[in-house]
1. Using the structure shown, decide if GLY108 is on the phi > 0 side of the Ramachandran plot and either charged (D, E, K, R) or assigned to a loop (DSSP other than H, G, I, E, B) (or both).
2. Tell me which residues, restricted to the stretch 24-37, are touching an Asp or Glu at 6+ places or on another chain (Cβ under 7 Å) and either part of a loop (DSSP other than H, G, I, E, B) or on the phi > 0 side of the Ramachandran plot (or both).
3. Taking interchain pairs and intrachain pairs at least six residues apart, which have beta carbon atoms under 6 angstrom, with the first residue in the stretch 69-90 and under 16 Å from ASP7 (Cβ atoms) and the second assigned to a strand (DSSP E or B) and open to solvent by less than 30 Å² (accessible area, probe 1.4 Å)?
4. When you check LEU113 against the structure, is it part of a strand (DSSP E or B), open to solvent by 10 Å² or more (accessible area, probe 1.4 Å) and in contact with a strand residue (DSSP E or B) (Cβ under 8 Å, 6 or more places away or on another chain), yes or no?
5. Please identify the pairs in which a residue from the stretch 27-49 that is among the acidic types (Asp, Glu) has its Cβ atom under 6 Å from the Cβ atom of a residue that is assigned to a strand (DSSP E or B), counting only partners at least 6 apart or on another chain.
6. Give all pairs with beta carbons closer than 9 Å in which a residue from the stretch 246-269 that is within 22 Å of SER210 (Cα to Cα) meets a residue that is surrounded by fewer than 17 Cβ atoms within 10 Å (Cβ to Cβ) and of a type in the set (Lys, Arg); count only pairs at least 6 apart in sequence or on separate chains.
7. Taking ILE62 as the residue in question, decide whether it is farther than 24 Å from GLY6 by Cβ, aliphatic (A, V, I, L, M) and in a loop (DSSP other than H, G, I, E, B).
8. One residue is enough: does the stretch 84-91 have a residue meeting the conditions of a type in the set (Phe, Trp, Tyr) and more than 30 Å from GLN132 (Cα to Cα)?
Amino acid sequence: TCSNTGDVRLVGGRAPSEGIVEICLNSQWGTVCNHSWDYYYDAVVVCRQLGYPTGNSPYSGIGSGPIHLNDVNCRDWNSKLIYCFYNNLTSDCSHSDDVGVHCIATPGAPQNLVASDICSTSLTLSWQPPTQTYGIGIEQYNVVCANKVNQSSTELSVYVNGLQPDTTYDCCVSAVNIAADEGPIACTTVRTLQNAPSAPQSVRGYASSSTAIYLYWSPPPYQYCITHYSIIVREVNTGTQTQHTSTGLQTTINRLHPYYTYECRVAAHTTREGVLS
């Protein structure tokens, strides 16, 4: 049952913006026959009545209950479906003739798009949801970087890889709602870093015992994608070298000879070789 004569709704679709058209007449929801139905004027009037800007795509389905309207003929100035020309003789209609509409409820552009963790071949994009959604949920966000990397995310951020070092990209994000309406893009321009990270800063160390050295350092400037550090330890008198790795900013080198002098060098690594310090 329904109470407000002339109200319309869409039922059975993926979202409130699409489905079989139903109109409230005689306190009952009923469908509309597609005889003479026009997917420009008639569909637009339905969608505008529901608060959507426009609509012109047919939605296929079979309704139920009474069939209220037939031979609908709307014009652009009609604000409600019930104000359009129609007749209520629907004996030649069946529910296979029910009108369905897909209203265009395009979401707005994502907000506050920023790039972070910029590396030589990857970066992270993050954003906020569109302010305009017409109350329809966002299903995913489409991401394009200079037409070279295309991917999607159901979250408000995405890790983008497969980029080229030292290259400028226009990275854009658009929102797609659950009715498959895709909104305008939001874009940001970003330049990837060069191939190799620069040298770690302020490498320091001291003998923590007669056979161990504790080393510590600061990360290279402007590098956010360091995967690990390699440490080369060379015994000065003999030239013998050993190599070690660390995922942090410090390490302890054990099993050294007492009273020997050692030279220690540290390199930062992303996906390519780094510079020693």
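1. Numbers: on the phi > 0 side of the Ramachandran plot: no; either charged (D, E, K, R) or assigned to a loop (DSSP other than H, G, I, E, B) (or both): yes.
So GLY108 fails the test.
2. ASN34, HIS35, SER36
3. These pairs meet every condition: LEU69/VAL32; LEU81/VAL8; LEU81/ILE23; CYS84/VAL72; TYR86/LEU69; TYR86/VAL72.
4. Details: part of a strand (DSSP E or B): yes; open to solvent by 10 Å² or more (accessible area, probe 1.4 Å): yes; in contact with a strand residue (DSSP E or B) (Cβ under 8 Å, 6 or more places away or on another chain): yes.
Yes: the conditions hold for LEU113.
5. Sorted first by the residue in the stretch 27-49, then by its partner, the pairs are ASP42/VAL72.
6. TYR262/ARG234; GLU263/ARG234; CYS264/ARG234; ARG265/ARG234
7. Values: farther than 24 Å from GLY6 by Cβ: no; aliphatic (A, V, I, L, M): yes; in a loop (DSSP other than H, G, I, E, B): yes.
Spelling it out, it is not the case that ILE62 is farther than 24 Å from GLY6 by Cβ, aliphatic (A, V, I, L, M) and in a loop (DSSP other than H, G, I, E, B).
8. Taking the stretch 84-91 as the starting set, the residues that turn out to be of a type in the set (Phe, Trp, Tyr) are 85-86.
The next check asks that each one be more than 30 Å from GLN132 (Cα to Cα); those that pass are 85-86.
Yes, the conditions are met somewhere in the stretch 84-91.
The values are calculated or read from the model by the stated rules, or taken from the named source; none is laboratory data. Model, not experiment: these values are computed from the prediction. All Cβ positions, even for glycine, are placed from backbone atoms using ideal geometry, and neighbour counts span all protein chains on display. With ligands, DNA and RNA removed, areas are computed over all heavy atoms of the protein, side chains included. Shrake-Rupley method; radii C 1.70, N 1.55, O 1.52, S 1.80 Å.
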